[in-house]
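Asks: I'd like to ask you about the structure that follows.
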């Protein structure tokens with residue numbers, strides 16, 4: 001508990017009044033000192049008796065950088081009193097000034113610090129809401145909360161630090177692929193599904209309605225009756241294996257060396273891991289949308305995704321760290337590698353610059369690089385960076 005500026009002013013007035021009373025008589029002491037002392041004592045008691053609240057924080061759902069969401073703080077205590085709430089924010093998110101927008105309890109965001117927290121006027125035993133903006137991918141820990149109690153006269157204040165921490169996950173962006181890239185990935189996904197027919201279990205007698213392509217003509221000729229191949233039943237589609245990593249020359253390098261539009265960020269600290277995660281998320285989401293099941297290998301481990309379960313893959317890419325491409329890539333269908341000056345994506349025996357695969361602003365594609373073995377087809381596309389596909393998939397999971 002400590003004095004505020006106003007409290008120090010009153011204390012100075014009391015001291016001056018006491019000195020004046022000693023010099024000019026007790027009347028000045030009665031008129032100035034006694035009310036000041038009473039006010040200071042009453043303020044100290046009020047602040048000291050304020051109960052410590054319990055805080056419950058409700059975070060917005062996971063989303064991609066650039067989006068905003070509402071954070072709601074519930075303050076519970078045995079009695080209501082006004083207070084100022086300071087919620088500590090990490091570097092990956094920032095508070096958005098609410099202006100004249102009020103919450104349901106008519107509490108308002110009163111100030112936003114320049115770096116890492118937001119300050120709200122609130123009423124303990126109520127709730128307060130503020131807006132934040134997601135800046136970059138990651139698992140960002142929000143908290144602790146500091147509740148500052150003050151008396152009605154504003155003479156004393158007491159800061160109560162509450163270790164209430166919650167983690168906000170920010171997914172990497174997913175880009176909208178060009179028509180040519182979508183068609184190629186669609187063919188890859190369907191070829192994996194078709195490959196499942198190579199694994200048949202037994203031969204059996206033909207049953208009316210069996211596909212003609214399943215007839216095993218050689219065995220039918222030997223046995224004198226039609227025989228068909230019966231394939232092993234699979235409950236899941238064949239997986240498309242995607243491997244992602246960072247080239248050794250780019251590990252530890254920030255985006256100050258990059259000028260390609262694919263690396264544009266709201267912040268200035270994006271790394272090669274961010275670019276790798278964005279490209280891997282874009283390709284993986286596109287494959288899942290085409291009906292494929294994806295197995296993703298990264299420096300941080302392995303994760304799978306399908307039409308019914310995409311959250312795990314996006315959460316994995318939200319926190320994936322820089323590292324070289326996994327060494328076991330013999331059965332990999334798609335390879336994503338981040339370099340100092342861009343990201344390459346290799347599939348269908350061809351290597352592409354990632355920005356050549358996405359729809360870019362202004363029509364056409366970003367400039368090509370010598371590392372591309374065969375440039376992707378160019379065309380006029382309406383460029384958009386979007387997390388709609390990933391967010392829609394997550395919403396479908398939540399409704400189940």
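Asks: Looking at 36, 7, which is the one that is outside the structural domain of residue 146 (by TED's automatic domain parsing) and touching a residue at least 60 places away in the same chain (Cβ under 8 Å)?
Replies: Numbers: 36 fails: touching a residue at least 60 places away in the same chain (Cβ under 8 Å).
The match here is 7.
Asks: Just give me the residues in region 70-88 being surrounded by 17 or more Cβ atoms within 10 Å (Cβ to Cβ) and closer than 30 Å to residue 175 by Cβ, in sequence order.
Replies: The answer is 71, and nothing else.
Asks: Which residue out of 63, 121, 106 is surrounded by 14 or more Cβ atoms within 10 Å (Cβ to Cβ) and modelled with pLDDT under 90?
Replies: 121
Asks: Looking for something under 22 Å from residue 128 (Cβ atoms) and either modelled with pLDDT under 85 or in contact with a strand residue (DSSP E or B) (Cβ under 7 Å, 6 or more places away or on another chain) (or both) - is there at least one such residue anywhere in region 4-14? Can you show your working first?
Replies: Initial filter on region 4-14 (under 22 Å from residue 128 (Cβ atoms)): 4.
Still in the running and either modelled with pLDDT under 85 or in contact with a strand residue (DSSP E or B) (Cβ under 7 Å, 6 or more places away or on another chain) (or both): 4.
So far as region 4-14 goes, yes, one or more of its residues are under 22 Å from residue 128 (Cβ atoms) and either modelled with pLDDT under 85 or in contact with a strand residue (DSSP E or B) (Cβ under 7 Å, 6 or more places away or on another chain) (or both).
The values are calculated or read from the model by the stated rules, or taken from the named source; none is laboratory data. As the structure is a computational prediction, the values presented were derived from the model and not from experiment. All Cβ positions, even for glycine, are placed from backbone atoms using ideal geometry, and neighbour counts span all protein chains on display.
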